[in-house]
Structures are given as C-alpha cells and as structure tokens.
1. When A165 is evaluated against the numbered criteria (1) hydrophobic (A, V, I, L, M, F, W, C); (2) without any contact (Cβ under 8 Å) to a residue 60 or more places away in the chain; (3) within 21 Å of K22 (Cα to Cα), which criterion, by number, is the only one it fails?
2. Mind listing whichever residues of segment 190-209 are more than 17 Å from V71 (Cβ to Cβ) and crowded, with 19+ Cβ neighbours inside 10 Å?
3. From the set of residues in segment 138-168 that are part of a helix (DSSP H, G or I) and among the β-branched types (V, I, T), which is nearest to P55 (Cα to Cα)?
4. Spot the failing condition for M173; the list is (1) buried (at least 16 other Cβ atoms within 10 Å of the Cβ); (2) more than 18 Å from R197 (Cα to Cα); (3) free of Cβ contacts under 8 Å to residues at least 24 places away in the same chain; (4) of a type in the set (A, V, I, L, M), and only one is missed.
5. Residues in segment 23-38 that are farther than 24 Å from C103 by Cα and either of a type outside the set (A, V, I, L, M, F, W, C) or part of a helix (DSSP H, G or I) (or both): how many?
6. Testing E72 on (1) farther than 29 Å from L189 by Cβ; (2) part of a helix (DSSP H, G or I), one condition comes back false. Which one is that?
7. Tell me which residues, restricted to segment 134-161, are surrounded by 16 or more Cβ atoms within 10 Å (Cβ to Cβ) and out of contact with any Ser or Thr (no Cβ under 9 Å at 6 or more places or on another chain).
8. Looking at (1) buried (at least 19 other Cβ atoms within 10 Å of the Cβ); (2) not in a helix (DSSP H, G or I), which one does A98 not meet, given that it meets all the others?
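The values are calculated or read from the model by the stated rules, or taken from the named source; none is laboratory data. In this text the structure is predicted, and so the values were computed from the model without any measurement. Ideal geometry is used to build each Cβ from the backbone, glycine not excepted, and the neighbour counts take in all protein chains shown.
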Amino acid sequence: MKLYDYAFSSAAYRARIALNLKGIAYERAVISLIKDGGQQHSAAYKEINPQALIPTLEADGHTIGQSLAIVEYLDEVYPSPPLLPSYPAEKARVRQIAYEIACDIHPVNNMRIRAQLKAMGHSEDEIMTKWYAHWITLGFAALETQLSASKETGKYCHGDRPTLADICLVPQMANAYRFKVPVDAFPTLVRIDKTAREHPAFAAAAPEKQPDAA
C-alpha cells in the first residue's frame, strides 16, 4: 500500500490517521506542495492523480484519490476497528460532521485558494486574518453548537471511540492552531481534539512527526 502524502496537507493527514487506526503498514511517497512550484503539478504525478491533489492511495491495484474516499475504502476493506457506526442514523451523524469540515470549511481555505487570493492582489494579512479565520470560525461555531448539544457526543465526536468525524476534525484544528485562529470559544472541539491527539494513531500521523516536516 502506497500513500502519496505531504506532512502539512490536512487531507493527507486524514488518510494517515485512518491507516494508523487500522494498523496498516504503508509506504509514503512525499509530494511537496511547495517545492519545485508544487510537485503535485508535475506530469508524472498528474498521471497518478489528474486532479493534482494530495493524497492518493495505491492499494490492491487500485488508485484512489480524495481523502474521504480513501478513508471509507479502508473502512470497508479493513473493517476493524470500524470508523463509522453500525446504525444508519448514527452513521449519517458522523458523516454530517465529517462533511461539514471536509466539504465546507477546508476547501475554501486550502493552499490553492489562498494562492489565488494572493494572485488577485490580497495581502497575506487579509487572507489569513479575514478570509481564513472567517471560514474556520464560522464552521467551528456551528460544530461547537452541534456537538455540545448532543447526547451522542462522547470523548470523541460520536461516542467514545474515534470515527471519520474525528479524522476530519483533528487536521482542521491543527490548521487553526498553525495559523493562530482563536479557538477558545469552542471548548467541546478543543476537548475532543486533545483527547484524539493523545491516541497513538493520531499522534503518529501529526504533521510534525513526518520526515518531510523539517
């Protein structure tokens, strides 16, 4: 199994967490998003992933892009421990939380969006303090209300074991800390993130633990 990865890609971070939770050994192929003008744009990598995005997983003769597709593939092929609950309503709740992060918060703030904003003349300060912080704060406020009000929230986003929701939350919290977005108004998210980061699978997947983080 081979993961095309980059330490500071939050989407790749999700895939690393899932692989670690499943206890799957894998080879890392580092695709730097900043070296050589972004190695994801190379012709060689585009043959692997035409979207030129990270991560990509090669497994059992299949090539899979998109982090959530990767995580759900792993969950189906390696069902223990499960990353989604068994009951449909609970499964939908976990997916809802994950999609709120992966589809509504992360995409509008990722590197290629920030690069485009800069190309359109916006300053780094405008991008990070106005644009980036705005979308994280807006999304986190909704998540905080949702999770703090639900009896289904436990040590983690759903119950007392990690799920797809936590796999998405922790990398987004890491982005907030990395770019100094205040999170004091979101105590439930902070608590869940702290619990998850203490789990060995999450700890080993952290960007700073990857060889290419230096």
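1. Just one mismatch for A165, condition (2).
2. I192, D193, P207
3. Of the residues in segment 138-168, the ones part of a helix (DSSP H, G or I) are 138-148, 164-168.
Now narrow it down to the ones that are among the β-branched types (V, I, T): 145, 167.
Working: T145: 30, I167: 14 Å.
Looking at residues that are part of a helix (DSSP H, G or I) and among the β-branched types (V, I, T), I get I167.
4. Tallying (1) buried (at least 16 other Cβ atoms within 10 Å of the Cβ); (2) more than 18 Å from R197 (Cα to Cα); (3) free of Cβ contacts under 8 Å to residues at least 24 places away in the same chain; (4) of a type in the set (A, V, I, L, M), M173 fails exactly one: (2).
5. 7
6. (1)
7. W135, I136, T137, G139, F140
8. Evaluating A98 over (1) buried (at least 19 other Cβ atoms within 10 Å of the Cβ); (2) not in a helix (DSSP H, G or I) leaves (2) as the failure.
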